[in-house]
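Peer 1: Below is one structure. I have some questions about it.
The values are calculated or read from the model by the stated rules, or taken from the named source; none is laboratory data. Given the structure is predicted, the values throughout are model-derived calculations rather than measurements. Note: ideal-geometry Cβ built from the backbone for every residue, glycine included; neighbour counts use all protein chains shown.
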Amino acid sequence: MRQLLESTAARAIRYLEGLYGRQVAPGEDAIGEIPRFDESLPDDTTEAELILQMLDEVGSPASMAMAGPRFYGFVIGGSLPVALAANWLATAWDQNSALYQVTPATALIENVALRWLLDLLKLPSESGGAFVTGATVANFTALAAARHVVLEQVGWNVEAEGLFGAPPITVIVGEEAHPTLFKSLGLLGLGRSRVVKVSIDTQGRMRSESIPTIAGPTIICTQAGNVNTGGFDPIGTICDIAHEAGAWVHVDGAFGLWAATAPSRAYLTEDIKNADSWATDAHKWLNVPYDSGLAIVRDTDALRAAMAITAEYLPTSTPYRNPSDYTPELSRRSRGVEIWAALRHLGRKGVAELIERCCRHARRFAEELGKAGYQILNEVVLNQVLVSFGDPETTNRVIAAIQAEGTCWCGGTTWQGHTAMRISVSSWATTDDDVDRSIDAILRIVRHQSR
């Protein structure tokens, strides 16, 4: 076992060290090798070292360098070395972190990490939380608590009785709500298409004056960090409107919630604490390994009512919280360990500096590309930059060429009728030099494509 794990660690370290020099996207030759994995299940055993050798020699070159410093797609951060190391150790522990009596160390670590997060993100200290896979399940978890409360207010126990015959719930969203929110609503039985969509402004922010009259059980889903522009809905104003009518306000803050930690960006999250629930991703901007989502609910009892599980064989009596009382899963890995490690390592100032640095890099991309004559479509308030290189065909051709050239990787999007390249700066590893190299490569490729 020791020899195998040491060999694997060496391979992983070589992979990570090689990210700085390799092209971001895998080459065609590397991709051409991956069909080697597609074989019949062998009858006999295979030596473990040969399996790891194949994974490394075939899989590593064919991977996208998301952990590197110049991947700017999909709001994906890298993994801080301390968080990756903590993940390795926690995986070796192999704890099913459901119950404190069974896995006391990881249950307590998660409890501490949650308390630190609430403090850091400036959210109500009494809130409950769930460490889940990502923003989709974080939204699902928080909205399950919302569903519980708004139906309980009209005398319906949704966990016991389900939705058959239940009073209808109105769900209000902005026109540019993220697709994962709709998936969560569908999983909850609230419907992907029966929502009421509210008009938005030129930055994708919900127009609070367009919210319809609220009557009956109602959930309003707001957004902290539009996935294209980085824009924030006027959450404080929406909370005032909603709470006067007894409605629940949920915040999808997959990456935008982290703005609360940065002095220059904290104004974006002003009054966000007045909402009832929040969802975010630690693997986006805290830079911990996948997967690591977080659902936070002000009403801890509501979250527990929506998620708790009991059985005769489960030792549920505990001096501390049982993680499984707040998560969709019973069996789950100890996701909170690497979050604790990242926060313990960075501290309050380190997290703020990480967010500030990424935002500064985004502004530099916008300034240099704008100065070169290309259209920046959004107000760069956070870490998102939308740039157009002219007509849709030219922009798409440039994006494809940038991805193929390999210095950096940026994705494409269509936003409010514009075809654009989206630059999302989210990684701890991105330096000023990486930004300069990326800008130079983008401008060189654009000029070549425009000939």
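Peer 1: Before we move on, is G246 more than 30 Å from T91 (Cα to Cα), touching a residue at least 24 places away in the same chain (Cβ under 8 Å) and over 21 Å from the mean Cα position of the chain (by Cα)?
Peer 2: yes
Peer 1: Of all residues in the stretch 19-41, which are of a type in the set (D, E, K, R), surrounded by 11 or more Cβ atoms within 10 Å (Cβ to Cβ) and in a helix (DSSP H, G or I)?
Peer 2: Passing the criteria: E33, R36.
Peer 1: Let me ask something additional. Can you name every residue in the stretch 181-192 that is out of contact with any Gly (no Cβ under 7 Å at 6 or more places or on another chain) and within 17 Å of I220 (Cβ to Cβ)?
Peer 2: Matches in the stretch 181-192: L181, F182, S184, L188, L190, G191.
Peer 1: Answer yes or no as to whether L16 is touching a Ser or Thr at 6+ places or on another chain (Cβ under 7 Å), part of a helix (DSSP H, G or I), of a type outside the set (D, E) and within 30 Å of W428 (Cβ to Cβ).
Peer 2: Against the criterion (touching a Ser or Thr at 6+ places or on another chain (Cβ under 7 Å), part of a helix (DSSP H, G or I), of a type outside the set (D, E) and within 30 Å of W428 (Cβ to Cβ)), L16 does not qualify.
Peer 1: Please determine, by comparing only the residues of the stretch 140-179 that are within 13 Å of M307 (Cβ to Cβ), under 26 Å from the mean Cα position of the chain (by Cα) and of a type outside the set (A, V, I, L, M, F, W, C), which one is surrounded by the most Cβ atoms within 10 Å (Cβ to Cβ).
Peer 2: T141
Peer 1: Return a yes/no flag: does the stretch 424-447 have any residue that is closer than 27 Å to R265 by Cβ, assigned to a strand (DSSP E or B) and more than 26 Å from the chain's Cα centre (by Cα).
Peer 2: Checked against the condition, which is being closer than 27 Å to R265 by Cβ, assigned to a strand (DSSP E or B) and more than 26 Å from the chain's Cα centre (by Cα), the stretch 424-447 yields no hits at all.
Peer 1: Further, regarding this structure: Provide a single number: the residues in the stretch 180-190 that are in a loop (DSSP other than H, G, I, E, B) and buried (at least 16 other Cβ atoms within 10 Å of the Cβ).
Peer 2: 2
Peer 1: Of the numbered conditions (1) over 22 Å from the mean Cα position of the chain (by Cα); (2) surrounded by 15 or more Cβ atoms within 10 Å (Cβ to Cβ), G411 fails exactly one; give the number of that condition.
Peer 2: Unmet condition: (1).
Peer 1: Another question, if that's okay. Does E49 satisfy the criteria of being touching a residue at least 24 places away in the same chain (Cβ under 8 Å), charged (D, E, K, R), over 15 Å from A429 (Cβ atoms) and surrounded by fewer than 13 Cβ atoms within 10 Å (Cβ to Cβ)?
Peer 2: yes
Peer 1: Also, I was wondering about something else. With respect to the numbered conditions (1) under 14 Å from M206 (Cβ atoms); (2) surrounded by fewer than 19 Cβ atoms within 10 Å (Cβ to Cβ), which one is the sole condition not fulfilled by G246?
Peer 2: (1)
Peer 1: For the stretch 373-392, check the following and say yes or no: at least one residue is part of a helix (DSSP H, G or I) and charged (D, E, K, R).
Peer 2: Taking every residue of the stretch 373-392 in turn, none turns out to be part of a helix (DSSP H, G or I) and charged (D, E, K, R).
Peer 1: Also, I was wondering about something else. Given the conditions (1) surrounded by 19 or more Cβ atoms within 10 Å (Cβ to Cβ); (2) touching a Ser or Thr at 6+ places or on another chain (Cβ under 6 Å), which single one is not true for N96?
Peer 2: (1)
Peer 1: Another question, then. How many residues does the stretch 124-157 hold that are over 18 Å from G336 (Cα atoms) and not in a helix (DSSP H, G or I)?
Peer 2: Residues flagged as over 18 Å from G336 (Cα atoms) and not in a helix (DSSP H, G or I) within the stretch 124-157 amount to 7.
Peer 1: Then there's this: Return yes when L117 is in contact with a Leu (Cβ under 8 Å, 6 or more places away or on another chain) and modelled with pLDDT of 95 or more and no when it is not.
Peer 2: yes
Peer 1: Another question, if that's okay. Does any residue of the stretch 42-61 turn out to be at negative phi, assigned to a loop (DSSP other than H, G, I, E, B) and touching a helix residue (DSSP H, G or I) at 6+ places or on another chain (Cβ under 6 Å)?
Peer 2: Looking for residues that are at negative phi, assigned to a loop (DSSP other than H, G, I, E, B) and touching a helix residue (DSSP H, G or I) at 6+ places or on another chain (Cβ under 6 Å), one finds at least one in the stretch 42-61, hence yes.
Peer 1: Shifting gears a bit: Name every residue in the stretch 102-123 that is assigned to a helix (DSSP H, G or I) and of a type in the set (V, I, T), in order of residue number.
Peer 2: T106, I109, V112
Peer 1: Restricting the search to the stretch 187-224, which residues are over 13 Å from G174 (Cα atoms), touching a residue at least 40 places away in the same chain (Cβ under 8 Å) and within 23 Å of the chain's Cα centre (by Cα)?
Peer 2: L187, L188, L190
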